[in-house]
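Asker: Here it is: the structure, laid out below.
The values are calculated or read from the model by the stated rules, or taken from the named source; none is laboratory data. All of these numbers come straight from a predicted model, not from anything done at the bench. Here the Cβ is made from the backbone with ideal geometry for all residues, glycine too, and neighbour counts use every protein chain on show.
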Amino acid sequence: MKKSIIDFKDISRFFQVGTETVKAMREVSLRVYENEFVAIMGPSGSGKSTMMNILGCLDTPTSGSYFLNGQDVSKMTDNELAEVRNREIGFIFQTFNLLQRSTALENVMLPLVYAGVSKSERIRRAEETLKSVQLSDRMKHKPNELSGGQRQRVAVARALVNNPSIVLADEPTGNLDSKTSIEIMGLLEEIHKLGNTIIVVTHEEDIAMHAHRVIRMIDGRIESDEVNENIRVVKYYETSVSE
């Protein structure tokens, strides 16, 4: 029996905008299991970004409960949530969010600094993770010396270096051309094959088709939650990553 990683129970998130209450999420229940590859889709205003923020412990629900790896994180303080984020969740952002004055190696080491890992171990793990995304020859390069695809692969390595329970990718190909987008999705497929749980938030249908399960949101609710019968498969190491 597969282990449940994420368990949403009647999650709602309301925002007060002036005198109006915006109901961004409405009593959403959801379960994600270990080693699933899930895409969350929806138009602007559907609630998918709010869901991503709660999934990533960047926000807490107005009501309902969220169990992450069996731990109720829905009532945690900001400091407690920060610890959970660093330990349990690897983030991949559309805009890469790399430190511009730091090398690829230093960027990947950053989560390990917050985790209190020794310097020698930080270097070892960061080098190993960068090698796994085929960037062993770019470790000393800064972001402005890398292509868009290479910068995103640094971001992927940073997300993986702490061995998180979940890799949460927010529009991971939004700033990339179509060829590089396919390459990055192929890399996420390889990561999934190694046993990681992947959640991709996207508005692009062709990107969602790489996932094994597609959740569609509308008006703050889950409209559909279906197994993807037409998975788009990319063999990452057959794509060009030299750039």
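Asker: How do the pairs read when you match residues in the range 1-17 that are over 16 Å from Asp219 (Cβ atoms) with residues anywhere that are outside any strand (DSSP E or B) and small (Gly, Ala, Ser), using Cβ under 7 Å and keeping only pairs 6 or more apart or on different chains?
Answerer: Close Cβ pairs (under 7 Å, with a partner that is outside any strand (DSSP E or B) and small (Gly, Ala, Ser)) amount to Ile5/Ser165.
Asker: For the range 37-62, what are the residues that are farther than 16 Å from Ile215 by Cβ and in contact with a helix residue (DSSP H, G or I) (Cβ under 9 Å, 6 or more places away or on another chain)?
Answerer: Cys57, Leu58, Asp59, Thr60, Pro61
Asker: How many of the residues in the range 92-143 are under 10 Å from Ala157 (Cα atoms) and of a type in the set (Gly, Ala, Ser)?
Answerer: Looking only at that region, the number is 3.
Asker: For the range 149-157, state whether one or more residues are touching a helix residue (DSSP H, G or I) at 6+ places or on another chain (Cβ under 9 Å), without any contact (Cβ under 8 Å) to a residue 24 or more places away in the chain and at negative phi.
Answerer: no
Asker: Among the residues of the range 83-126 satisfying the criterion of being hydroxyl-bearing (Ser, Thr, Tyr) and part of a helix (DSSP H, G or I), which is modelled with the lowest pLDDT?
Answerer: So the residue we want is Tyr114.
Asker: List pairs: first in the range 96-110 and touching a residue at least 24 places away in the same chain (Cβ under 8 Å), second part of a loop (DSSP other than H, G, I, E, B) and small (Gly, Ala, Ser), Cβ under 8 Å, 6+ apart or cross-chain?
Answerer: Listed pairs, sorted by first residue: Leu110/Ser102.
Asker: Return the only residue of Val32, Val38, Val73 being hydrophobic (A, V, I, L, M, F, W, C) and more than 26 Å from Glu204 (Cα to Cα).
Answerer: Val73
Asker: In this structure, does Arg138 turn out to be basic (Lys, Arg), touching a helix residue (DSSP H, G or I) at 6+ places or on another chain (Cβ under 8 Å) and assigned to a helix (DSSP H, G or I)?
Answerer: no
Asker: Go through the range 157-180 residue by residue and tally those that are part of a helix (DSSP H, G or I) and at pLDDT below 90.
Answerer: 3
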